[in-house]
1. Checking the structure you have, find out if any residue of the range 56-74 is out of contact with any Gly (no Cβ under 6 Å at 6 or more places or on another chain), surrounded by 16 or more Cβ atoms within 10 Å (Cβ to Cβ) and modelled with pLDDT under 90.
2. Can you pull out every residue in the range 130-161 that is within 18 Å of Gln108 (Cα to Cα) and either touching an Asp or Glu at 6+ places or on another chain (Cβ under 6 Å) or among the aromatic types (Phe, Trp, Tyr) (or both)?
3. For the range 29-72, give me each residue that is within 12 Å of Leu111 (Cα to Cα) and free of Cβ contacts under 8 Å to residues at least 12 places away in the same chain.
4. If you scan the range 128-161, which residues turn out to be β-branched (Val, Ile, Thr) and surrounded by 14 or more Cβ atoms within 10 Å (Cβ to Cβ)?
5. Got at least one residue in the range 108-127 being more than 29 Å from Leu58 (Cβ to Cβ), surrounded by fewer than 17 Cβ atoms within 10 Å (Cβ to Cβ) and out of contact with any helix residue (DSSP H, G or I) (no Cβ under 7 Å at 6 or more places or on another chain)?
6. Need the failing condition index for Gly53 against (1) under 26 Å from Val161 (Cβ atoms); (2) surrounded by 13 or more Cβ atoms within 10 Å (Cβ to Cβ); (3) more than 19 Å from the chain's Cα centre (by Cα), just the number.
7. So the check is Cβ under 8 Å with 6+ separation or different chains; which pairs have a first residue in the range 1-13 that's more than 24 Å from Ala26 (Cβ to Cβ) and not assigned by TED's automatic domain parsing to the domain that holds Leu31 and a second one that's loosely packed, with under 10 Cβ neighbours inside 10 Å and not aromatic (Phe, Trp, Tyr)?
8. Please tell me if Ile77 is surrounded by 18 or more Cβ atoms within 10 Å (Cβ to Cβ), over 30 Å from Ala17 (Cα atoms) and either touching a Lys or Arg at 6+ places or on another chain (Cβ under 6 Å) or without any contact (Cβ under 8 Å) to a residue 60 or more places away in the chain (or both).
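The values are calculated or read from the model by the stated rules, or taken from the named source; none is laboratory data. All values derive from a computational prediction rather than experimental measurement. Positions of Cβ are backbone-derived with ideal geometry, glycine not excepted, and every protein chain shown enters the neighbour counts.
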Amino acid sequence: MTVATMIVWALAMLFLAVACIRRRGAHRAVLAFAWRQALPIVGLLVAALAAAGFLSALLPDRLIAAIIGPESGLTGILVATLTGYLISAGSVMTFPILAALLHAGAGQPQLVAMITSWLIFSVYRVYVWEVPMLGHQFAWRRVTVSLAFPVGAALAVGLAV
């Protein structure tokens, strides 16, 4: 169990205790709600992890290493940045894919560029949420000022590795 998992469990137990002190029987409603929320996610997570495992077995290690491996340098970082931009999946799918790429030989700086690009520029996030809610001008400015972040983060990781 990771430290983060222990912290989340400790907070959940603390909130449970406070809820029970404030209102008797609150734990039943909270646990029922948590179960209803967790059930679809657990199924999706298991399927995503299985898909990533199969993807990892299917990816040709040499090809991944050549395109976005540790030795691919700035070209690999730029390819990874573009790939991150094009990934239109949520966290449940994206992180298992990244794990499969790491297992297949992708470099850490390249994966940092990919995930940073996905977090900042995801086509889905920008065009489905940001542009309709905040407008083209805002989205354009935010994307423009953020262009260097994936490459900068990858280069910083490259120096640390």
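1. yes
2. The initial filter retains those residues of the range 130-161 that are within 18 Å of Gln108 (Cα to Cα), namely 148-161.
If the condition is that a residue be within 18 Å of Gln108 (Cα to Cα) and either touching an Asp or Glu at 6+ places or on another chain (Cβ under 6 Å) or among the aromatic types (Phe, Trp, Tyr) (or both), then Phe149 is the only one that fits.
3. If the condition is that a residue be within 12 Å of Leu111 (Cα to Cα) and free of Cβ contacts under 8 Å to residues at least 12 places away in the same chain, then no residue fits.
4. Going residue by residue through the range 128-161, those that are β-branched (Val, Ile, Thr) are 128, 131, 143-145, 151, 157, 161.
Passing the criteria: Val131, Val143, Val151, Val157.
5. Yes, the conditions are met somewhere in the range 108-127.
6. (3)
7. none
8. Numbers: surrounded by 18 or more Cβ atoms within 10 Å (Cβ to Cβ): yes; over 30 Å from Ala17 (Cα atoms): yes; either touching a Lys or Arg at 6+ places or on another chain (Cβ under 6 Å) or without any contact (Cβ under 8 Å) to a residue 60 or more places away in the chain (or both): no.
Against the criterion (surrounded by 18 or more Cβ atoms within 10 Å (Cβ to Cβ), over 30 Å from Ala17 (Cα atoms) and either touching a Lys or Arg at 6+ places or on another chain (Cβ under 6 Å) or without any contact (Cβ under 8 Å) to a residue 60 or more places away in the chain (or both)), Ile77 does not qualify.
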